[in-house]
1. Could you count how many residues in region 60-72 are out of contact with any helix residue (DSSP H, G or I) (no Cβ under 8 Å at 6 or more places or on another chain) and either under 16 Å from K20 (Cβ atoms) or part of a helix (DSSP H, G or I) (or both)?
2. Are there any pairs, at least 6 apart or on different chains, whose C-beta atoms fall under 8 Å, with the first in region 68-79 and farther than 13 Å from K58 by Cβ and the second among the basic types (K, R), and if so, which?
3. Being part of a helix (DSSP H, G or I), under 17 Å from G87 (Cα atoms) and in contact (Cβ under 8 Å) with a residue 40 or more places away in the chain is the filter here; which residues of region 14-59 pass it?
4. Going by what's in this entry, would E39 be described as of a type in the set (D, E), within 16 Å of the chain's Cα centre (by Cα) and modelled with pLDDT of 95 or more?
5. Run M72 past the list (1) among the hydrophobic types (A, V, I, L, M, F, W, C); (2) farther than 23 Å from T84 by Cβ; (3) surrounded by fewer than 16 Cβ atoms within 10 Å (Cβ to Cβ) and report the number of the one that doesn't hold.
6. Give region 1-13 a look and list any residue that's at pLDDT below 95, in a helix (DSSP H, G or I) and of a type outside the set (D, E), or say none.
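The values are calculated or read from the model by the stated rules, or taken from the named source; none is laboratory data. Worth saying up front: this structure is predicted, and the values here are computed from it rather than measured. Cβ placement follows ideal geometry from the backbone for every residue including glycine, while neighbour counts extend to all protein chains displayed.
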Amino acid sequence: MTQRQNILEMTPRARRAYAKRIASKLVGESPLRRKKTKEVLAESTAALKLQLETLTEKQAEGTLKAEEARTMPALASQMLRNLTSLGVTTLDDVDDDEEL
């Protein structure tokens, strides 16, 4: 298995290709019938994933700013909503306390 290059070190072209691969995979896995809907949601999700990965790597390097850190939950939340809309994941509304 090949390890992916650090996203912060990728060229803009490599980042676009990476996002395109993610979007293509999501379109292929989505059960939605409307192709354009799948493509828009998949491209949006890929962009969110890139942003979140960038911030995660900055956090690991210790260069993440407070303003950037505050955006991470919103990015992750929107990404999950997009994935749910694409039909590639589902949300379970299980209260954590119920499982204890």
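1. Result for region 60-72: 4.
2. M79/K49
3. L26, E29, K38, L41, A42, T45
4. On the way: of a type in the set (D, E): yes; within 16 Å of the chain's Cα centre (by Cα): yes; modelled with pLDDT of 95 or more: yes.
So E39 fits the description; yes.
5. If we test M72 against (1) among the hydrophobic types (A, V, I, L, M, F, W, C); (2) farther than 23 Å from T84 by Cβ; (3) surrounded by fewer than 16 Cβ atoms within 10 Å (Cβ to Cβ), just (2) comes out false.
6. Initially, region 1-13 is screened for residues at pLDDT below 95, giving 1-12.
This time we only want the ones that are in a helix (DSSP H, G or I), so: 7-9, 12.
Result: I7, L8, P12.
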